[in-house]
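What follows is a set of notes on a single structure, which appears directly below.
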Amino acid sequence: MASVLVLNGPNLNLLGTRQPDVYGTTTLRDIEDMCRVHASKIGIDVVFVQSNYEGALIEAVHEARETHAGIVINAGAYTHTSIALMDAIASVELPTVEIHLSNIHAREPFRHVSYIAPVAIGQICGFGAHGYMMALDALALRINPK
Ligand code: DQA
């Protein structure tokens, strides 16, 4: 079964209590549980990594090359700043879906820029936790085209 890395960046470990008006009250653990259930329905395996450190996220992307068929990434604020993370994703050449809980395009102008988008197969944002299931669907279709 194809395996997908679900990578979450800085501050996403605080979901549930972090700015619930923006990000909702679903915790990261809840999202992981929802992803596991959904992944088994669509026939993929999921592995989760969360880190508040840019270098750890980059290393997780490098390691994914050996073990995973694709990546779902919510890079948090590194989305808007990290050329290094963009380069890592470009280097491993794994299909990658960018996801955000909030609609980054409807927020502050600095959130409208994504360094991940140019190296992703697509971006999903604004659908809250459900966006992760949409990202898994998109990736599963790319990995195992029907
Ligand atoms: C986020 C949006 C980012 O702008 C922000 O820095 C986050 C969360 C989202 O999921 O909506 O940390 O990636």
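The rows are residues; the columns are (1) outside any helix (DSSP H, G or I); (2) touching a residue at least 60 places away in the same chain (Cβ under 8 Å); (3) over 19 Å from LEU136 (Cα atoms).
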position: ASN13; (1), (2), (3): no, no, yes
position: GLU32; (1), (2), (3): no, no, no
position: VAL37; (1), (2), (3): no, no, no
position: PHE48; (1), (2), (3): yes, no, no
position: ILE71; (1), (2), (3): yes, yes, no
position: ALA90; (1), (2), (3): no, no, yes
Self-check item: the range 94-123, residues that are more than 10 Å from the ligand (Cβ to nearest atom) and in a strand (DSSP E or B)
Solution: THR96, VAL97, GLY122, GLN123
Self-check item: Positions within the range 92-120 being in contact with a strand residue (DSSP E or B) (Cβ under 7 Å, 6 or more places away or on another chain), surrounded by fewer than 17 Cβ atoms within 10 Å (Cβ to Cβ) and among the aliphatic types (A, V, I, L, M), in sequence order
Solution: ALA117
Quiz prompt | Search result, residues across the range 19-31 that are surrounded by 16 or more Cβ atoms within 10 Å (Cβ to Cβ) and modelled with pLDDT of 95 or more | solution = TYR23, THR26, THR27, LEU28, ILE31
Quiz item: Which pairs do you get when a residue that is within 22 Å of ILE89 (Cβ to Cβ), found in the range 102-115, comes within reach of a residue that is more than 10 Å from the ligand (Cβ to nearest atom) and outside any helix (DSSP H, G or I), reach meaning Cβ atoms under 6 angstrom, with the pair 6+ apart or on two chains?
Solution: TYR115/SER82
Self-check item: Residue list for the range 69-84, filter: within 22 Å of GLY126 (Cα to Cα) and either surrounded by 19 or more Cβ atoms within 10 Å (Cβ to Cβ) or among the small types (Gly, Ala, Ser) (or both)
Solution: GLY70, ILE71, VAL72, ILE73, ASN74, ALA75, GLY76, ALA77, TYR78, THR79, SER82
Practice problem: Go through the range 3-18 and count every residue that is more than 11 Å from the ligand (Cβ to nearest atom) and buried (at least 16 other Cβ atoms within 10 Å of the Cβ). | Solution: 4
Quiz item: Just a yes or no: is a residue in the range 53-62 among the small types (Gly, Ala, Ser) and in contact with a helix residue (DSSP H, G or I) (Cβ under 7 Å, 6 or more places away or on another chain)?
Solution: no
Self-check item: Lone unmet requirement of (1) crowded, with 17+ Cβ neighbours inside 10 Å; (2) part of a loop (DSSP other than H, G, I, E, B); (3) within 16 Å of the ligand (Cβ to nearest atom) for PHE127
Solution: (1)
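The values are calculated or read from the model by the stated rules, or taken from the named source; none is laboratory data. Note that the coordinates shown come from a computational prediction; the quantities given were computed from them, not determined experimentally. Cβ coordinates were reconstructed from backbone atoms using ideal geometry, including for glycine residues, and neighbour counts include every protein chain displayed.
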